[in-house]
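Scroll down for the structure; my scribbles are underneath it.
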Protein chains: 2
Amino acid sequence: MKNYASRLHAAIREKGNAVCVGLDPRVNQLPAALLPTGLNPVELSVEEAAKLFEEFCCRIIDVVAPLVPVVKPQAAFFEELGPAGTHALANVIRYARSAGLIVICDAKRGDIGSTAGAYARAYLAGADPDAAVWGADALTVNPYLGTDTLQPFVDMAIERGAGLYVLVRTSNPGAGTFQDRVTDGTSLFEHVAKAVESLASQTSEGGGYGPIGAVVGATYPDELRQLRDIMPHVPLLVPGYGSQGGSAADVAGAFDEDGLGAVVNSSRGIIFAADQEPYRTQYGPDNWEQAVEAATRAMIEDLAEHTPTEKLR
Amino acid sequence: MKNYASRLHAAIREKGNAVCVGLDPRVNQLPAALLPTGLNPVELSVEEAAKLFEEFCCRIIDVVAPLVPVVKPQAAFFEELGPAGTHALANVIRYARSAGLIVICDAKRGDIGSTAGAYARAYLAGADPDAAVWGADALTVNPYLGTDTLQPFVDMAIERGAGLYVLVRTSNPGAGTFQDRVTDGTSLFEHVAKAVESLASQTSEGGGYGPIGAVVGATYPDELRQLRDIMPHVPLLVPGYGSQGGSAADVAGAFDEDGLGAVVNSSRGIIFAADQEPYRTQYGPDNWEQAVEAATRAMIEDLAEHTPTEKLR
């Protein structure tokens, strides 16, 4: 069972939910318990900060690996620490894979021709974590440069049993600037969605979900339901739950009737739960990992109550 | 003189041309003279390959720094070597800055909100190479996510005297898949161009070129001329000359009447000149740096002959 959709859905069924924990470490939000006593985080060197990012993320992985199927490290926060940060990113991906998690590297890459091929070889390890230097199961990619620029990623996804998530409808307030522009009666994001569905249906094995997924924000629930219909072969990655304002009811339309076909991401709401009520009062800053666990369980329950993921139990 | 357009144009005037040398190292095209005797490049570890990438690029910088104003390292080829490769990228950027070159990091980043801010802080060093871990003067960015996602990059560009190059019209054969879609009588790439011009004119000092640039491929010469007109405050980065098929006449429309407002990139045609005629026969594999110099001088002459950059001399 090598292909991405099979591996993803096996993990979702095993854990009984479709939660993706976003690993977005930030220096000024690291738990005080991780820092040398009395140190202001801004005094950390990039090498020290990168080591703490790695420890922070690996301890989160220890907490969430028994509970959820997927984690999504955000490359930007690691790259902000320079080469030391990218080293931490590679280690975090490897650690998550060894804990049995599906890893989506959220790097939103995209370029033309042989350059796209270099990104694909770098990030899309697929079924074998050692097949690429960054070791991820899947990568987020940007479609603006055209469908020919997605092809090197698609080829590598098939070869290695990896997945792609093409940006279709992002969760930011200004997502519509270009994505909403209508041509031939159809908005740009729908044109992108149709191109993604075409790639996914051509590459799916046995007519089910294929390796080519799509990013669709939880902050636009009507469009989420519409895009689920347009892309029956496409696994969705849904950001925007929690801190960005999306509710469990908002993401219900992302799933098929069996509760499959999507993962819903939460980053800050889980990894920095100890900074937020009710967890801050309940656990205090020293028990930040218990806060992470409680927030993860709460999200699993919330999704089970309001979406078809209830059927996964 | 801190702002990006001033620094860029001072460098262009000083060198008397608008050539950008693209640093796109590839393991299987490294000069044999750089490799340990008898070693097949595919046998290199990523750490060994990264060290050779750094040496190769720094030796190219030694050759081209007296001749051209700008270099553009392509992040993808460094990232393909993992964390060791990104370390080499940081060193190459630093070396190029110390040689007095303007450095455009071609990483085509883009994300929402605070994540875009992390990329901006990471790459946009601007006037002071030590202001960011990656030390670049400028960064290429992708507009698909919307203009609100460009704002963190714009803010950082202004704060640090850095530049941005927003993808408007890329040089690949399938660029038109989404970029050519027409709404309100205007193609998507023109809508993006107008948004970029708006950002550039709002942030230019004294009404000239601003810090917000655009990527426009040499492979679409008519659109290049049209986009030059639509974006009078926007410095252009023009890929696609040489190996991708764009000629000097094709890029003439990128420049204003003084020969300013654009840089034209060549990557493979310069850095791997020793593999190509007439340089292969003339210099042979051991004199690859002389081939790089000859190809660079030939491109400078070609542009001077067919574009307004003749006036820079």
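The values are calculated or read from the model by the stated rules, or taken from the named source; none is laboratory data. Being a predicted model, the structure only gives us computed values, none of them experimental. With ideal geometry, Cβ positions are generated from the backbone for all residues, glycine too; neighbour counts draw on all protein chains shown.
A few remarks follow.
- Residues of the range B:215-249 that are surrounded by 24 or more Cβ atoms within 10 Å (Cβ to Cβ) and assigned to a loop (DSSP other than H, G, I, E, B): B:G217, B:A218, B:M231, B:V234, B:P235, B:P239, B:G240.
- Pick from the range A:125-141, criterion in a strand (DSSP E or B) and more than 18 Å from B:Q74 (Cβ to Cβ), ranking: farthest from the other protein chains (Cβ to nearest Cβ): A:A138
- Pick from the range A:57-80, criterion small (G, A, S) and within 11 Å of chain B (Cβ to nearest Cβ), ranking: nearest to A:G22 (Cα to Cα): A:A75
- Assessment of the range B:284-306 against the conditions (over 26 Å from B:E55 (Cα atoms), more than 21 Å from the chain's Cα centre (by Cα) and at pLDDT 95 or above) yields at least one matching residue.
- Flag for A:G82 being at pLDDT 95 or above and more than 21 Å from the chain's Cα centre (by Cα): yes
- Test result for A:D111, within 11 Å of another protein chain (Cβ to nearest Cβ) and on the phi < 0 side of the Ramachandran plot: yes
- Of the residues making up the range B:33-57, just one is modelled with pLDDT of 95 or more, touching a Leu at 6+ places or on another chain (Cβ under 6 Å) and surrounded by fewer than 18 Cβ atoms within 10 Å (Cβ to Cβ), namely B:V46.
- Qualifying positions in the range A:250-272 - closer than 18 Å to A:V64 by Cβ and in a loop (DSSP other than H, G, I, E, B): A:S267, A:F272
- Among residues that are on the phi > 0 side of the Ramachandran plot, away from chain A (no Cβ under 14 Å) and buried (at least 18 other Cβ atoms within 10 Å of the Cβ), B:G261 is included.
- Residues in the range A:162-188 that are over 21 Å from the mean Cα position of the chain (by Cα) and β-branched (V, I, T): A:T177, A:V182, A:T183, A:T186.
- Residue match in the range B:45-54 (condition: part of a loop (DSSP other than H, G, I, E, B), within 14 Å of another protein chain (Cβ to nearest Cβ) and acidic (D, E)): no
- Among (1) free of Cβ contacts under 8 Å to residues at least 60 places away in the same chain; (2) on the phi < 0 side of the Ramachandran plot; (3) surrounded by fewer than 24 Cβ atoms within 10 Å (Cβ to Cβ); (4) not hydroxyl-bearing (S, T, Y), the one test that B:A127 misses: (1)
- Residue match in the range A:88-107 (condition: among the small types (G, A, S), without any contact (Cβ under 8 Å) to a residue 60 or more places away in the chain and within 21 Å of B:V27 (Cβ to Cβ)): yes
- Within the range A:145-161, being within 12 Å of another protein chain (Cβ to nearest Cβ) and either surrounded by fewer than 21 Cβ atoms within 10 Å (Cβ to Cβ) or over 20 Å from the mean Cα position of the chain (by Cα) (or both) holds for A:L145, A:G146, A:T147, A:D148, A:T149, A:Q151, A:P152.
- B:A116 fulfils the conditions (1) more than 7 Å from every other protein chain (Cβ to nearest Cβ); (2) farther than 19 Å from B:A214 by Cα; (3) assigned to a helix (DSSP H, G or I); (4) not basic (K, R) except for a single criterion, (2).
- Scope the range B:94-108; condition in contact with a Ser or Thr (Cβ under 8 Å, 6 or more places away or on another chain) and either within 18 Å of B:A65 (Cα to Cα) or more than 14 Å from every other protein chain (Cβ to nearest Cβ) (or both); matching residues: B:I104, B:C105
- A count restricted to the range A:157-188 and to residues that are assigned to a strand (DSSP E or B) and in contact (Cβ under 8 Å) with a residue 40 or more places away in the chain stands at 7.
- Only one of A:A291, A:A298 that is among the small types (G, A, S) and crowded, with 18+ Cβ neighbours inside 10 Å: A:A291
- For the range B:60-77, the candidate set comprises residues that are surrounded by 15 or more Cβ atoms within 10 Å (Cβ to Cβ) and part of a helix (DSSP H, G or I); within that set, the residue that is nearest to the chain's Cα centre (by Cα) is B:A75.
- Sole residue being outside any helix (DSSP H, G or I) and under 21 Å from the mean Cα position of the chain (by Cα), chosen from B:C57, B:C20: B:C20
- The lone exception for B:E305 - which of (1) among the charged types (D, E, K, R); (2) surrounded by fewer than 18 Cβ atoms within 10 Å (Cβ to Cβ); (3) in contact with a Ser or Thr (Cβ under 9 Å, 6 or more places away or on another chain) it fails: (3)
- Of B:P25, B:P83, all but one fail to be closer than 30 Å to B:M156 by Cα, within 14 Å of chain A (Cβ to nearest Cβ) and assigned to a helix (DSSP H, G or I); the exception is B:P83.
- Of residues in the range B:189-212 being under 23 Å from the mean Cα position of the chain (by Cα) and without any contact (Cβ under 8 Å) to a residue 24 or more places away in the chain, the one nearest to the other protein chains (Cβ to nearest Cβ): B:H191
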